[in-house]
Amino acid sequence: MASTSASTSFLQAIQNRRTIYHLSNKKILSDDALVKLVRQAVREAPSSFNVQSSRVVVLLGEQHTNYWLKIVPDALRASSGERAVEASKPKLEGFAAGQGTILFFEDMALIKGQQEAFPRYAPNFPHWSKHASGMAQVYTWTLLEAEGYGANLQHYGNLTGETLKKLYNLPETYELQGEMVFGYPETPAGEKEYMLDHERVIAYGHSE
Ligand SMILES: Cc1cc2nc3c(=O)[nH]c(=O)nc-3n(C[C@H](O)[C@H](O)[C@H](O)COP(=O)(O)O)c2cc1C
């Protein structure tokens, strides 16, 4: 059972997690400690039937800059032309200025296995796989923030997923879900507008 102070610090951590775009590569943790942190987040994230389908690749140093300054521009050029690359350049250079990128994949071989094992739920497993990825992502994002990093989440996977699988010799069954850029937070997140809580969450009934 979570104690009051544990739930307070968890709440604080999730309140602190924000989208931060202005990042630099000033070091916070060693590479080993960083990878360990990401492993811990992914390890604890829940998944449907405990399938543990999330797979993660951490890009550091030149692997990270290569993604934002070569792989993504090349993919954008091929799909949308040079103008799209020019228009995206400042944004992509901003991502490259961070310290690293965490690629979140789902191994669809495991999801197919679930569909075969439990045909009754077959259409739902791909949705639950995405939920599980989101859970691994938000754990990772929050832990990074708690360690002093800033992070933001990007989605170029439909353009770059296949290239990444070839480059890093990843299984064909991996499906890229999102790319989390992280680094030293040079500028804090801006103000965030919130809807009214009671319009989003309602309750019926009474507990004793
Ligand atoms: C599923 C999901 C997809 C997102 N995709 C992107 C994205 O492609 N690019 C981006 O800059 N931010 C993306 N974001 C970040 C959201 O814009 C951001 O979380 C939202 O505006 C709330 O701000 P906060 O993260 O500071 O709380 C995404 C967030 C979620 C949860």
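The values are calculated or read from the model by the stated rules, or taken from the named source; none is laboratory data. Computed from a predicted structure; not experimentally measured. For neighbour counting, all protein chains shown are included, and Cβ atoms are generated from backbone atoms with ideal geometry for every residue, glycine included. Heads up: the accessible areas ignore ligands, DNA and RNA and are worked out on the full protein's heavy atoms, side chains in. Shrake-Rupley method; radii C 1.70, N 1.55, O 1.52, S 1.80 Å.
Using equal-weight Cα scatterers in the Debye expression, the normalised intensity of region 1-77 in log10 at q = 0.17, 0.28 Å⁻¹ is -1.05, -1.23. Semi-axis lengths, largest first, of the ellipsoid equivalent to region 133-185 are 24, 11, 10 Å, with √(5λ) applied to each eigenvalue of the Cα gyration tensor. Extents of region 1-152, largest first, come to 47, 42, 26 Å (Cα atoms, principal axes, whole angstrom). Cross-link partners of K36 among aspartates and glutamates, defined as those whose alpha carbon lies under 14 angstrom from its own and excluding same-chain residues fewer than eight positions apart: E44, E147. Between E44 and E86, the FRET efficiency from the beta-carbon distance, with R0 = 41 Å, is close to 0.50.
By the helix-only formula, in which each DSSP H run with n ≥ 4 contributes -39500 (n - 2.57) and the sum is divided by residues, the chain has a 222 nm mean residue ellipticity of -15500 deg cm²/dmol.
Annotation for region 45-62 versus region 137-208: alpha-carbon center distance of 12 Å.
Bridges between two residues of the chain, per DSSP, are antiparallel at a rate of about 95%.
Looking at region 80-208, the pairs of alpha carbons with a distance over 24 Å make up 50% of the total.
With r defined as the distance between the Cβ atoms of D74 and S30 and R0 fixed at 30 Å, what FRET efficiency is calculated, to the nearest 0.05? E(calc), rounded to 0.05, equals 0.45.
From the protein chains alone at 1.4 Å, what is the descending order of accessible area for M195, M108, largest first?
Greatest to least solvent exposure: M195, M108.
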